[in-house]
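K.L.:
Structure incoming, see below.
The numbers here are math on the coordinates, done by the rules we state, and not lab data. These figures come from a predicted structure and were not determined experimentally. Please note: Cβ atoms are built from the backbone with ideal geometry, for glycine as well, and neighbour counts cover all protein chains shown.
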Amino acid sequence: MKIKRFEFNMFPVNCYVLSDETREAVVIDAGCFYPGEGEQLKKYLDEEGLQLKHVLNTHLHLDHIFGNAYLAREFGLKPEANQADEFLLARAADHCRMFGFRINEEPAPLGGYIADGDEICFGNSRLKAIAAPGHSPGSLVFYDEKDGCMFSGDVLFRGSIGRTDLDRGSFEDIRNSICNRLFTCPDNTVVYPGHGEQTTIGYEKKNNPYFQ
C-alpha cells in the first residue's frame with residue numbers, strides 16, 4: 001500500500017491518501033482549508049491516476065473536516081465517520097469562531113457511518129475500524145493488519161495522546177482505548193497520527209509518558 005501524507009490548515013493536520021496497485025484510493029482526514037490545498041490534493045489524485053473510493057474521518061473535529069465539502073463536490077463522495085461524532089458537524093462554525101476565524105464552508109453531511117469492527121475495502125487493501133473514544137466520543141483508528149500500520153487520528157501521537165478537554169472527551173476513555181485496543185497490536189505496527197510524525201506501537205509502550 002502506498003501512503004502519501006499532506007499537511008493542511010493552520011493546526012496543521014496530517015491528511016493521508018492510501019492507494020495500491022489497483023489505483024483505487026481512500027483519503028483520511030481531508031483537512032484542506034487554505035486556498036489551493038484542495039486543489040493540491042486533487043492534483044495528486046489526478047496525476048497518480050487514482051480512483052477515490054472513500055473519504056474517511058478518524059473523527060469530526062473542525063480541523064479534520066475542512067476539505068470534506070470540496071471532495072464531495074469534486075468526486076461525488078460524502079465523508080464517512082462514526083455516528084457518535086456527528087453532533088460536532090453542527091458545532092464546527094462555532095468552534096472556528098472560538099479559535100478566531102471563520103469556517104471556510106459548511107461541513108459536508110455524512111454519507112455513511114463507520115462502526116467498530118467495520119472493514120473499509122479499496123482495491124486489494126482493507127482497513128479495519130477500531131473504536132477508540134476519549135479524544136472524541138466517536139474517534140476511530142483505521143488499522144491495516146496486512147501492512148502493519150494504523151492511522152490513529154488524534155488518539156495516539158509520538159510521545160503523547162490526544163487532548164480530552166473538548167466536547168465529550170474523556171481521559172479515562174482515551175487511556176483505555178490505547179491500552180486495550182491499540183497496544184494489543186504488534187509492537188512493529190507503524191502509527192500514522194493526525195498531527196506530527198509517525199511512531200510505532202512498541203515505541204509508545206516503552207516511551208510514552210502517559211503509560212509509564
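K.L.:
So which of 4/53; 2/146; 78/146 end up more than 18 Å apart, counting from Cα to Cα?
P.N.:
78/146
K.L.:
For a quick check: with amide H placed at 1.01 Å from N, whose amide H comes under 5 Å from residue 155's, ignoring anything fewer than 5 positions away on the same chain?
P.N.:
194
K.L.:
Sticking with this structure for a sec: Counting DSSP beta bridges in the chain, what percent are antiparallel, to the nearest 5?
P.N.:
Rounded to the nearest five, the antiparallel share is 65 percent.
K.L.:
Now a separate question. Report ³J(HN,Hα) in whole Hz for each residue of region 100-110, in order, from the Karplus equation J = 6.51 cos²θ - 1.76 cosθ + 1.60 where θ = phi - 60°; Gly and Pro get x.
P.N.:
x, 8, 9, 5, 5, 6, 4, x, 6, x, 5
K.L.:
Moving on. Tell me, what ³J(HN,Hα) does each residue in region 22-32 have, in order and in whole Hz, if you take phi through Karplus 6.51 cos²θ - 1.76 cosθ + 1.60 with θ = phi - 60° and put x for Gly and Pro?
P.N.:
With the stated coefficients, region 22-32 comes to 7, 6, 7, 8, 10, 10, 10, 6, 6, x, 4 Hz.
K.L.:
Moving on to the next point. What number, in nm² with one decimal, is the all-direction average of the projected area of the convex hull of the alpha-carbon atoms of region 1-43?
P.N.:
The orientation-averaged projected area of the Cα hull of region 1-43 comes to 2.8 nm².
K.L.:
Here's something else I'd like to know. For the chain, what does -39500 (n - 2.57) per DSSP helix run (n ≥ 4), summed and divided by total residues, give at 222 nm, in deg cm²/dmol to the nearest 500?
P.N.:
-5000 deg cm²/dmol
K.L.:
Taking only Cα atoms and a 10 Å spring cutoff, compute GNM fluctuations for the chain and point out the largest among 176, 124, 82.
P.N.:
Result: 124 has the largest fluctuation of those listed.
K.L.:
Could you quote the convex hull projected area for the chain, Cα atoms only and averaged over all directions, in nm²?
P.N.:
10.5 nm²
K.L.:
I need 1, 150, 98, 10 ordered by Cβ neighbour count within 10 Å, fewest first.
P.N.:
Exposure proxy ranking, most exposed first: 98, 10, 1, 150.
K.L.:
Within 10 Å of each residue's Cβ, count the other Cβ atoms and sort 53, 42, 206 from fewest upward.
P.N.:
206, 42, 53
K.L.:
Next question. Would you please classify the overall shape of region 83-180 from the alpha carbon gyration tensor, given that a ≥ b ≥ c denote the square roots of the eigenvalues, rounded means a/c under 1.5, and beyond that prolate means a/b larger than b/c while oblate covers the rest?
P.N.:
Oblate is the answer for region 83-180, as a/c is 1.5 or above yet b/c matches or exceeds a/b.
K.L.:
Right, something else. Can you figure out the FRET efficiency of residue 176 with residue 78, using R₀ = 41 Å and their beta-carbon distance, to the nearest 0.05?
P.N.:
0.85
K.L.:
What range in the chain is the longest one free of GluC sites (Glu not before Pro) that are in a loop by DSSP and have at most 12 other Cβ atoms within 10 angstrom?
P.N.:
Result for the longest clean stretch: 22-196.
K.L.:
Take the alpha carbon gyration tensor of region 8-132, find the square roots of its eigenvalues, order them as a ≥ b ≥ c, and report rounded if a/c is under 1.5; if not, report prolate when a/b exceeds b/c, else oblate.
P.N.:
Because a/c hits 1.5 or more and a/b fails to exceed b/c, region 8-132 counts as oblate.
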